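The values are calculated or read from the model by the stated rules, or taken from the named source; none is laboratory data. Quick caveat, the model's predicted, so the values are computed rather than measured. In this analysis, Cβ positions are derived from the backbone assuming ideal geometry, glycine residues included, and neighbour counts consider all displayed protein chains. The protein model used for the area step is the full one, side chains on, heavy atoms only, and it has no ligands, DNA or RNA in it. Shrake-Rupley method; radii C 1.70, N 1.55, O 1.52, S 1.80 Å.
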Amino acid sequence: MSEEEIPAYLPVERRLVLGVLVSGRGSNLQAIFNAIEGGRLDAQVAVVISNRKEVPALARARACQTPSFFLDPAEYTDRADYDGALVQLLKMYAVELVVLAGYMRLVTPVFIDAYRDRIINIHPSLLPAFPGLHAQSQALEYGAKVAGCTVHFVDEKVDHGPIIAQASVPIFEGDDERHLSERILVEEHRLLPHVLQRYAEGRVGIQGRKVSMR
Ligand code: GRF
């Protein structure tokens with residue numbers, strides 16, 4: 001091509017390539033699809049991977065014509081071996097950022113090292129309070145007055161990596177796990193796509209434990 005033929009700008013579509021890991025219902029995955037569809041998130045979900053068979057999240061991926069896989073833990077000798085296969089699959093789809101959206105499996109250094117500072121998790125509590133399972137009932141039993149959700153980078157420890165953003169919801173007298181979870185979930189579905197869009201815009205910076213989001 002001669003110089004005259006080179007256009008003034010290259011109309012190359014450049015969208016953040018996401019890989020989403022799931023284990024169940026997939027409502028956060030759906031929130032990501034909805035945000036993309038609604039033009040609120042400039043990204044594409046290249047692949048969805050589940051560690052559990054036939055979960056609703058996989059059906060949601062199929063409904064959105066997104067490649068989806070059940071990666072069976074039983075077929076691997078240990079967690080590291082499993083994560084090696086996971087990383088291979090993510091790389092095959094040229095995934096740039098991995099989102100753990102209700103992914104109920106411990107991750108190993110094999111995965112974290114391959115995607116250092118490029119794995120994001122959403123957790124239904126205001127971390128560092130109430131990490132681990134059943135965060136909502138932990139908050140209720142503790143007698144907390146405020147609950148919420150946290151989007152954070154993933155590191156070697158469970159629900160521990162640098163916090164990107166949080167949203168809070170009140171806990172009411174007589175609240176139960178179902179109602180509190182529903183209220184938190186509304187915030188999760190808003191917060192996660194919001195953070196992903198900021199990331200896609202290159203507006204998320206990380207320095208040690210401190211994350212800035214412009
Ligand atoms: C969400 O509450 C998320 O914060 C937690 O697991 C749940 C997953 O829900 N990590 P869904 O599968 O996205 O509907």
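For the chain, the longest principal axis of the C-alpha atoms and the axis of helix 27-37 are separated by about 40°. Each of R203 and V158 was given a label point 7 Å from its Cα along the Cα-to-Cβ line. The distance between the two points is 3.4 nm. Taking other residues whose beta carbon is less than 15 angstrom from the beta carbon of P56, and scoring Lys, Arg as +1 and Asp, Glu as -1, yields +4.
For T77, the accessible surface of its heavy atoms amounts to roughly 130 Å² (probe 1.4 Å, protein chains only, rounded to the nearest 10).
Compared with the dominant Cα axis of the chain, that is its longest principal axis, helix 79-92 is turned about 40°. Across the alpha-carbon atoms of the chain, the computed radius of gyration and Dmax are 18.4, 73 angstrom.
Within the accessible surface of the chain, defined with a 1.4 Å probe on protein heavy atoms only, the carbon and sulfur portion equals 52 percent. In the elastic network of the chain, a GNM with C-alpha springs shorter than 10 Å, the most mobile of L89, L133, L97 is L133. Computed over protein heavy atoms with a 1.4 Å probe, the accessible surface of the chain works out to 53 Å² per residue. Positive-end ranking of A63, V204, V146 along the dipole of the chain, with charges on Cβ about the Cα centre, is headed by V146. When the helices of the chain are scored as -39500 (n - 2.57) per DSSP H run of n ≥ 4 and the total is divided over every residue, the value at 222 nm lands at -10500 deg cm²/dmol.
Measuring nothing but how far apart in sequence close Cα pairs (under 8 Å, 6+ apart) lie, relative to its length, the chain scores a relative contact order of 18 percent.
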